[in-house]
1. A:Val78 versus (1) buried (at least 22 other Cβ atoms within 10 Å of the Cβ); (2) within 14 Å of chain B (Cβ to nearest Cβ); (3) not acidic (Asp, Glu): which is the lone unmet condition?
2. Which of the strands (runs of 3 or more DSSP E) contained wholly in the stretch B:19-110 include at least 1 residues that are modelled with pLDDT of 95 or more and closer than 22 Å to A:Leu39 by Cα?
3. Given (1) more than 11 Å from the chain's Cα centre (by Cα); (2) modelled with pLDDT of 95 or more; (3) in a strand (DSSP E or B), where does A:Lys26 come up short, assuming only one miss?
4. Out of the residues in the stretch B:37-78 that are more than 19 Å from A:Asp100 (Cα to Cα), among the aliphatic types (A, V, I, L, M) and touching a strand residue (DSSP E or B) at 6+ places or on another chain (Cβ under 8 Å), state the one that is surrounded by the fewest Cβ atoms within 10 Å (Cβ to Cβ).
5. Considering only the stretch B:79-105, how many residues are more than 19 Å from B:Glu3 (Cα to Cα), buried (at least 16 other Cβ atoms within 10 Å of the Cβ) and out of contact with any Ser or Thr (no Cβ under 6 Å at 6 or more places or on another chain)?
6. Considering only residues of the stretch A:81-102 that are closer than 22 Å to A:Tyr50 by Cα and of a type outside the set (Gly, Ala, Ser), which is nearest to the other protein chains (Cβ to nearest Cβ)?
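The values are calculated or read from the model by the stated rules, or taken from the named source; none is laboratory data. As the structure is a computational prediction, the values presented were derived from the model and not from experiment. Positions of Cβ are generated from backbone atoms using ideal geometry, with glycine treated the same way; all protein chains shown enter the neighbour counts.
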Amino acid sequence: DAGVTQSPTHLIKTRGQQVTLRCSPKSGHDTVSWYQQALGQGPQFIFQYYEEEERQRGNFPDRFSGHQFPNYSSELNVNALLLGDSALYLCASSYGRGKDGYTFGSGTRLTVV
Amino acid sequence: QKEVEQNSGPLSVPEGAIASLNCTYSDRGSQSFFWYRQYSGKSPELIMFIYSNGDKEDGRFTAQLNKASQYVSLLIRDSQPSDSATYLCAGNTNAGKSTFGDGTTLTVKP
(Lines give C-alpha, C1' and ligand atoms only; values in the text may rest on other atoms or scores of the structure.)
Protein backbone atom coordinates (compact mmCIF):
# COMPACT_ATOMS: atom_id res chain seq x y z
CA ASP A 1 0.00 0.00 0.00
CA ALA A 2 1.78 3.13 -1.24
CA GLY A 3 1.98 6.01 1.16
CA VAL A 4 2.07 9.66 0.20
CA THR A 5 4.55 10.41 -2.57
CA GLN A 6 6.04 13.85 -3.09
CA SER A 7 8.34 15.10 -5.81
CA PRO A 8 10.91 16.43 -6.11
CA THR A 9 12.68 15.82 -2.78
CA HIS A 10 14.95 18.83 -3.10
CA LEU A 11 14.81 21.94 -5.23
CA ILE A 12 16.92 25.07 -5.57
CA LYS A 13 15.34 28.09 -7.24
CA THR A 14 16.26 31.72 -7.79
CA ARG A 15 14.26 34.62 -6.41
CA GLY A 16 11.42 35.57 -8.74
CA GLN A 17 11.13 32.15 -10.31
CA GLN A 18 8.13 29.85 -10.16
CA VAL A 19 8.00 26.33 -8.77
CA THR A 20 5.59 23.38 -8.92
CA LEU A 21 5.56 20.65 -6.30
CA ARG A 22 3.66 17.41 -6.73
CA CYS A 23 1.91 14.99 -4.42
CA SER A 24 0.20 11.63 -4.80
CA PRO A 25 -1.98 10.75 -1.82
CA LYS A 26 -2.12 7.46 0.00
CA SER A 27 -4.34 4.88 -1.64
CA GLY A 28 -7.94 5.36 -0.45
CA HIS A 29 -7.44 8.99 0.55
CA ASP A 30 -9.33 11.73 -1.26
CA THR A 31 -8.18 14.91 0.49
CA VAL A 32 -4.82 16.61 0.15
CA SER A 33 -3.51 19.34 2.45
CA TRP A 34 -0.33 21.31 1.92
CA TYR A 35 1.85 22.67 4.71
CA GLN A 36 4.96 24.81 4.91
CA GLN A 37 7.41 24.02 7.68
CA ALA A 38 10.25 26.40 8.51
CA LEU A 39 13.16 25.17 10.60
CA GLY A 40 12.24 24.87 14.26
CA GLN A 41 8.56 25.54 13.68
CA GLY A 42 5.44 23.48 13.27
CA PRO A 43 3.79 22.96 9.89
CA GLN A 44 1.78 25.97 8.72
CA PHE A 45 -1.42 25.26 6.77
CA ILE A 46 -1.39 26.52 3.19
CA PHE A 47 -4.57 25.00 1.73
CA GLN A 48 -6.63 21.86 1.40
CA TYR A 49 -8.12 20.24 -1.70
CA TYR A 50 -11.12 17.96 -1.88
CA GLU A 51 -13.12 16.96 -4.96
CA GLU A 52 -10.75 19.04 -7.10
CA GLU A 53 -11.62 22.25 -5.25
CA GLU A 54 -9.81 24.33 -2.68
CA ARG A 55 -11.84 23.69 0.44
CA GLN A 56 -9.87 25.79 2.93
CA ARG A 57 -6.97 28.20 2.82
CA GLY A 58 -4.50 29.43 5.40
CA ASN A 59 -2.84 32.85 5.64
CA PHE A 60 -0.71 32.59 2.55
CA PRO A 61 -0.60 35.09 -0.33
CA ASP A 62 -2.11 34.45 -3.73
CA ARG A 63 1.38 33.58 -5.00
CA PHE A 64 0.59 30.16 -3.55
CA SER A 65 -1.91 28.25 -5.64
CA GLY A 66 -2.82 24.65 -6.13
CA HIS A 67 -4.74 22.09 -8.02
CA GLN A 68 -6.20 18.65 -7.45
CA PHE A 69 -6.69 16.19 -10.27
CA PRO A 70 -9.43 13.58 -10.73
CA ASN A 71 -7.06 10.88 -9.42
CA TYR A 72 -6.73 12.93 -6.17
CA SER A 73 -3.11 13.88 -6.83
CA SER A 74 -2.25 17.51 -6.26
CA GLU A 75 0.15 20.27 -7.19
CA LEU A 76 1.35 23.28 -5.25
CA ASN A 77 2.53 26.24 -7.31
CA VAL A 78 4.46 29.17 -5.93
CA ASN A 79 5.06 32.22 -8.12
CA ALA A 80 7.53 35.08 -7.72
CA LEU A 81 9.62 33.17 -5.19
CA LEU A 82 11.02 35.05 -2.21
CA LEU A 83 13.95 34.07 -0.02
CA GLY A 84 11.43 33.57 2.80
CA ASP A 85 9.72 30.81 0.83
CA SER A 86 12.65 28.54 1.61
CA ALA A 87 11.19 25.75 3.72
CA LEU A 88 10.09 22.13 3.80
CA TYR A 89 6.81 21.71 1.96
CA LEU A 90 4.72 18.85 3.23
CA CYS A 91 1.80 17.17 1.57
CA ALA A 92 -0.64 15.34 3.82
CA SER A 93 -3.46 13.13 2.69
CA SER A 94 -6.58 11.97 4.50
CA TYR A 95 -9.97 10.47 3.90
CA GLY A 96 -12.71 13.08 4.06
CA ARG A 97 -12.13 15.66 6.78
CA GLY A 98 -9.22 13.82 8.35
CA LYS A 99 -10.98 12.80 11.54
CA ASP A 100 -8.40 10.09 12.09
CA GLY A 101 -5.41 12.23 11.18
CA TYR A 102 -3.16 12.76 8.22
CA THR A 103 -0.52 10.74 6.46
CA PHE A 104 2.41 12.91 5.46
CA GLY A 105 4.74 12.59 2.52
CA SER A 106 8.48 12.92 2.99
CA GLY A 107 8.36 16.53 1.85
CA THR A 108 10.07 18.77 -0.68
CA ARG A 109 12.95 20.89 0.60
CA LEU A 110 12.81 24.19 -1.33
CA THR A 111 15.75 26.57 -1.20
CA VAL A 112 15.39 29.99 -2.77
CA VAL A 113 18.67 31.80 -3.49
CA GLN B 1 -1.73 33.96 20.75
CA LYS B 2 -1.07 30.89 18.63
CA GLU B 3 -4.04 28.58 18.10
CA VAL B 4 -2.07 25.60 19.43
CA GLU B 5 0.60 26.12 22.09
CA GLN B 6 3.04 23.50 23.29
CA ASN B 7 5.46 23.57 26.20
CA SER B 8 8.55 24.91 24.56
CA GLY B 9 11.05 22.38 25.84
CA PRO B 10 13.45 20.94 25.10
CA LEU B 11 12.53 18.09 27.41
CA SER B 12 15.11 15.60 28.59
CA VAL B 13 14.29 12.42 30.51
CA PRO B 14 16.33 9.35 31.45
CA GLU B 15 15.64 6.05 29.78
CA GLY B 16 12.74 4.25 31.43
CA ALA B 17 11.15 7.43 32.80
CA ILE B 18 7.77 8.94 31.92
CA ALA B 19 7.84 11.83 29.45
CA SER B 20 4.95 14.30 29.70
CA LEU B 21 4.14 16.58 26.78
CA ASN B 22 1.49 19.27 27.01
CA CYS B 23 -0.58 21.31 24.59
CA THR B 24 -3.30 23.93 24.87
CA TYR B 25 -5.59 25.18 22.12
CA SER B 26 -7.69 28.29 21.68
CA ASP B 27 -10.21 27.27 19.00
CA ARG B 28 -13.22 25.74 20.75
CA GLY B 29 -14.31 24.51 17.32
CA SER B 30 -11.52 21.96 17.39
CA GLN B 31 -13.04 18.51 17.63
CA SER B 32 -10.20 16.04 17.34
CA PHE B 33 -6.60 16.15 18.42
CA PHE B 34 -3.48 14.47 17.24
CA TRP B 35 0.06 13.79 18.33
CA TYR B 36 2.65 13.43 15.62
CA ARG B 37 6.28 12.42 16.05
CA GLN B 38 8.87 14.03 13.80
CA TYR B 39 12.41 12.76 13.71
CA SER B 40 15.06 15.25 12.65
CA GLY B 41 15.02 15.68 8.87
CA LYS B 42 11.90 13.53 8.47
CA SER B 43 8.20 14.22 8.04
CA PRO B 44 5.60 13.97 10.83
CA GLU B 45 4.19 10.56 11.66
CA LEU B 46 0.84 10.14 13.40
CA ILE B 47 1.13 8.31 16.73
CA MET B 48 -2.15 9.04 18.54
CA PHE B 49 -5.50 10.72 18.01
CA ILE B 50 -8.22 11.53 20.52
CA TYR B 51 -11.62 13.21 20.28
CA SER B 52 -13.39 12.33 23.51
CA ASN B 53 -12.65 13.75 26.94
CA GLY B 54 -10.54 11.44 29.05
CA ASP B 55 -7.64 9.13 28.38
CA LYS B 56 -6.76 6.98 25.42
CA GLU B 57 -4.00 4.42 25.72
CA ASP B 58 -1.98 2.74 22.97
CA GLY B 59 0.95 0.71 24.18
CA ARG B 60 3.40 2.99 25.98
CA PHE B 61 1.50 6.11 24.88
CA THR B 62 -1.45 7.74 26.63
CA ALA B 63 -3.23 10.77 25.22
CA GLN B 64 -5.39 12.88 27.51
CA LEU B 65 -8.01 15.43 26.46
CA ASN B 66 -9.85 17.97 28.58
CA LYS B 67 -12.10 20.08 26.36
CA ALA B 68 -13.29 22.30 29.22
CA SER B 69 -9.68 23.32 29.93
CA GLN B 70 -8.73 23.16 26.22
CA TYR B 71 -5.83 20.96 27.14
CA VAL B 72 -4.26 17.92 25.49
CA SER B 73 -1.35 15.89 26.76
CA LEU B 74 0.75 12.90 25.77
CA LEU B 75 2.45 10.61 28.25
CA ILE B 76 5.18 8.26 27.11
CA ARG B 77 5.90 5.51 29.63
CA ASP B 78 9.18 3.60 29.79
CA SER B 79 10.81 6.15 27.49
CA GLN B 80 13.39 4.77 25.09
CA PRO B 81 16.24 6.55 23.26
CA SER B 82 14.30 5.83 20.03
CA ASP B 83 11.53 8.11 21.36
CA SER B 84 13.91 11.07 21.00
CA ALA B 85 12.15 13.33 18.47
CA THR B 86 10.01 16.43 18.17
CA TYR B 87 6.38 15.85 19.14
CA LEU B 88 3.76 17.96 17.38
CA CYS B 89 0.30 18.55 18.77
CA ALA B 90 -2.48 19.34 16.27
CA GLY B 91 -6.16 20.19 16.52
CA ASN B 92 -8.70 19.49 13.77
CA THR B 93 -11.87 21.46 13.20
CA ASN B 94 -15.00 19.90 11.74
CA ALA B 95 -14.01 21.55 8.45
CA GLY B 96 -11.00 19.26 8.39
CA LYS B 97 -8.16 21.72 8.81
CA SER B 98 -5.37 20.67 11.19
CA THR B 99 -3.53 23.40 13.07
CA PHE B 100 -0.16 22.45 14.52
CA GLY B 101 1.87 23.69 17.45
CA ASP B 102 5.59 24.33 17.10
CA GLY B 103 6.48 21.07 18.77
CA THR B 104 8.37 19.94 21.84
CA THR B 105 11.74 18.28 21.38
CA LEU B 106 12.22 15.24 23.60
CA THR B 107 15.58 13.68 24.33
CA VAL B 108 15.71 10.34 26.14
CA LYS B 109 19.15 9.75 27.64
CA PRO B 110 20.43 6.18 27.99
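1. Looking at each condition in turn, A:Val78 falls short on (2).
2. On the way: elements: B:19-25, B:30-38, B:45-50, B:54-58, B:61-66, B:71-76, B:85-93, B:98-100, B:104-109.
Once the strands (runs of 3 or more DSSP E) in the stretch B:19-110 are filtered for at least 1 residues that are modelled with pLDDT of 95 or more and closer than 22 Å to A:Leu39 by Cα, what remains is B:19-25, B:30-38, B:45-50, B:85-93, B:98-100, B:104-109.
3. The single condition A:Lys26 does not satisfy is (3).
4. If we take residues in the stretch B:37-78 being more than 19 Å from A:Asp100 (Cα to Cα), among the aliphatic types (A, V, I, L, M) and touching a strand residue (DSSP E or B) at 6+ places or on another chain (Cβ under 8 Å), then B:Leu75 is surrounded by the fewest Cβ atoms within 10 Å (Cβ to Cβ).
5. 3
6. Kept after step one, since they are closer than 22 Å to A:Tyr50 by Cα, are these residues of the stretch A:81-102: A:89-102.
Those still in the list that are of a type outside the set (Gly, Ala, Ser) too: A:89-91, A:95, A:97, A:99-100, A:102.
On the way: A:Tyr89: 10, A:Leu90: 6, A:Cys91: 9, A:Tyr95: 10, A:Arg97: 3, A:Lys99: 6, A:Asp100: 6, A:Tyr102: 6 Å.
That would be A:Arg97.
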